[in-house]
Structure formats: C-alpha cells, structure tokens
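Reviewing the structure listed below.
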Amino acid sequence: MWRFSSIAFRQPRALLRAGQGVLSLERSPAWGRQRKVWGSAFVALLLAAGVQARAESWPMFRGGPALLGIASGRLPDKLKLLWSFKTGGPVKSSAAIDGGRLFIGSNDGNVYALDAASGEKQWSFKTGAAVESSPLVLDGKVFFGSADSSLYALEAATGKQVWKYDTGDKIVGSPNWVKNGDATHILVGSYDFKLHCVDSTTGKAVWTFESSNYINGSPAVSGGKTAFGGCDATLHVVSLADGKQVKEVEAGAYVAGSVALADDRAYFGHFENEFLCIDLAEGRKLWDFHERDFPYFSSPAVSADRVLFGGRDKQLHCVKRSDGTALWSFATRGKVDSSPVICGDKAVVGSDDGHVYAVSLDGGKEVWSYEIGQAVESSPAIADGRLVIGCDDGSVYCFGANGK
C-alpha cells in the first residue's frame, strides 16, 4: 500500500515515504521489473492529484515535544543574510516555522506572522505585555504565552484569537503539547508556580500541577510524562494523563532553562554551575558536568552521542551523552543564554557578544559567524536550509545560502 496525504495506491512491494521534502521508494527485487510501468503511472497520479512533498518545519521551541534541539537537513558552510524584520522591542522569543509562515514574539507585546521566504508581515497580534514565549504551531493554530499572564490560541492563517486562558502570573516559557486520546492538550508553565494543561480546542483547564516556585522554562514531553525544572530547585516528573507527580528529583539550584528528554533521561543545567543528567526511572543523577563557576541558563541540544549547551562562562560546551565527559568547548565573548541547535554536521547558537555562530559538531571549530551587534538571547530555528533568530536590537534575522 502506498499512502501519501489522503491518497492511497496499491502496490505490493513498494512503500512511498513522505517527509521533510523528500520522496523515496523502498525497493524489493520485483521493483526492477515493474519500475517503468509503476513509475510513470505513479508520477502521473501524483501530478493529477496536485500532491507535493512537505517542506521542512520547525513548529515549536527546540523543534519537537522532547525539546532535543535537532533540526533536519543541513546548513551551508557560508550563510547570507536574506532578510530582517524590525519589531518594537527586544526579540528574546524564538521562531516557529510552518506552512510557509514564521511566527515569533517580541517584547513590544506582539506576536508576528511573517512570510518565511520574504520576511514580509502577514499579521500581528497585540497582547498586554512582553512575549518572550516561543510560539507553538499545531493544527492550524498558534499557541504562546505572554507576560500579561495569559496563554493564547490564534488562527495561524489570520491571527484571529480563538481563545485566551488566564494563569495567575506571567508566562515566559514556551508551550508544549500532547495527544490524549482524541483530545490535544497544551502544556505551559507560569510564574504562578503551576504547570497548566489546557484543552487545545476549548481553552479550558484539564488539570494543573503546583510546584513551589516560578516555572521559567518549557515542559518537555516524552513517554507519557512531562519533565520540567523551576526556581524551587527541583526536577518535576508528572504524568500527562492526570497531572499527578511521578518523580521529584532535587536539582541543587534554580533551573531556569528547559529540560531535554531522551531515553528516559533528563538533561539540564542550573544556577549552581552544574549541568546534569538524571535517570527518570530511578530518580537519580547519572552524571554532572562542572567546569567553572558560572550558571547554565541555555537549554541543551541532545543527539545520539553528545549533548551541547551554552553557559554564562561565555562558552558553548559539548560533552559525551553517556557520561558527561567534555569533548570540546567553543569560546565567545559574551554569555551564551541562547539554546544551541544541531543541524547535520553543525551546531548554531547566539551569544551576548552580538554574534550568531555556526561551529563544527565534531570539533567545535567556527564555520561561520555573523555580527548583529547586540545580545542574541533568542534561540535558532532551522528549516529548509534557513536559519532564523531574534536579537535584542528588536529585529528578526533570516539567513540562507546565496539568496535562496
């Protein structure tokens, strides 16, 4: 069976795979004898149906619910500035890219929808305070939090408000999501000390979980659980089904950034100058990284064999995922609160020194950099060979290859 979009074609030994803008065929020995007939028929059917491969997307903070910070595809070695868009305040939010649009918040209180190719504004939506929260694009809606204490859902195409959900204090972290049966739930932390689970359609509370201090980062989602830290110096692990706590692990200090989840392990840094790996099943620390006495605010990028994170020691660090052994560090001239993204053989990150950097993943050598001039606290968003990032100068910047 070939399945693509809403169309199905019967073919006993070939499977069409759709994803990230690439179509490929899994071939059996019989394929060679049938390819001329089936190949031309298949192409004709696709063209007649007007079916196209999906473009790459980056629909939320860190790219996906586990917050791993891994982008598909590759970036060219030398990136060019394709466009920039000026907002009315610092841009600490990170972009979401989906369906040819780019969504990003600004401290001017707006969320902006821009044409991803040209940077032209399609719409903006005004909230009552700064929007540091990075948008989540899901099911034709854009979800984000504001420092006005509200979680918003807007129509992605028009910017029209669908609903608003009020918490007891500001929201600076980004929302996440989970499918629960036929329902989709949105998760967001607030400075009211609570993690809120909200129905994506109605904007009504499903459950809330109360910690004992501010929740600054985004909750990570994996394996039926969500994990997040906060200013109570604790890693909380909560069941997504009912909002009940599964595990509570003492972190040792404020956890201001977001946790990444992989293989039932949590990776995060804290304000007492350590980066940790926690076994969620056993609720214990597996390893820690401590190099110098500087806090970690940046959220990590986690690949199959390594973990990357920025530090207020002005460095991007790369360690072994298995035991936390240092592999390399890349020095900038300002603190690195921006969260790195791994794309192919490169890692990309911003720095308070006013630069965006791309470094080689194998050795941490600089491949490319661009001087914006003011602090870059926003984290990269990468899709279709393009890099998008915000800056404290109030602008959003898009980089790509030679004007493409």
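Computed from the coordinates by the stated procedures, all read-outs in this text should not be read as laboratory data. Worth saying up front: this structure is predicted, and the values here are computed from it rather than measured. A quick note on method: Cβ atoms are made from the backbone with ideal geometry, for glycine too, and the neighbour counts reach across all protein chains shown.
Descriptive notes on the structure:
- For segment 133-141, 3J(HN,Hα) per residue [Karplus equation, 6.51 cos²θ - 1.76 cosθ + 1.60, θ = phi - 60°, Hz, x = Gly/Pro]: 4, 8, x, 10, 9, 7, 6, x, 10
- Greater than 22 Å apart at Cα, pairs in 86/194; 78/365; 126/179; 170/194: 86/194; 126/179
- Segment 77-130 and segment 172-239 have Cα centres lying 25 Å from one another.
- Pairwise centroid distance, computed over Cα atoms, of segment 332-354 with segment 358-374, Å: 7
- Residue-by-residue Karplus 3J(HN,Hα) for segment 270-284, coefficients 6.51, -1.76, 1.60, Hz, glycine and proline x: 9, 8, 9, 6, 10, 10, 10, 10, 10, 7, 6, 5, 9, x, 9
- Net charge of neighbours whose Cβ lies under 14 Å from the Cβ of residue 167, counting Lys and Arg as +1 and Asp and Glu as -1: -1
- With contacts taken as Cα pairs under 8 Å and at least 6 residues apart, segment 136-289 reaches a relative contact order of 12 percent.
- Taking a sphere under 9 Å around the Cβ of residue 109 and counting the other residues whose Cβ falls inside, with K and R at +1 and D and E at -1, yields a net charge of -1.
- For the chain, the relative contact order comes to 14 percent (Cα pairs under 8 Å, sequence separation of at least 6).
- Computed from phi, the 3J(HN,Hα) profile of segment 294-306 under the Karplus parametrisation 6.51, -1.76, 1.60 (θ = phi - 60°) reads 9, x, 10, 10, 4, 8, x, 10, 10, 9, 5, 10, 8 Hz, with x in place of Gly and Pro.
- Charge dipole (debye, nearest 20) of segment 289-404; +1 at Cβ of Lys and Arg, -1 at Cβ of Asp and Glu: 240
- In segment 121-225, trypsin sites (Lys or Arg not before Pro) in a DSSP loop with at most 12 other beta-carbon atoms within 10 Å: 160, 204
- Ranked by how many other beta carbons lie within 10 Å on average, peptides 228-235, 302-309, 186-193, 289-296 from highest: 186-193, 228-235, 302-309, 289-296
- Other residues lying with their Cβ under 12 Å from the Cβ of residue 320 contribute a combined charge of 0, Lys and Arg counting +1, Asp and Glu -1.
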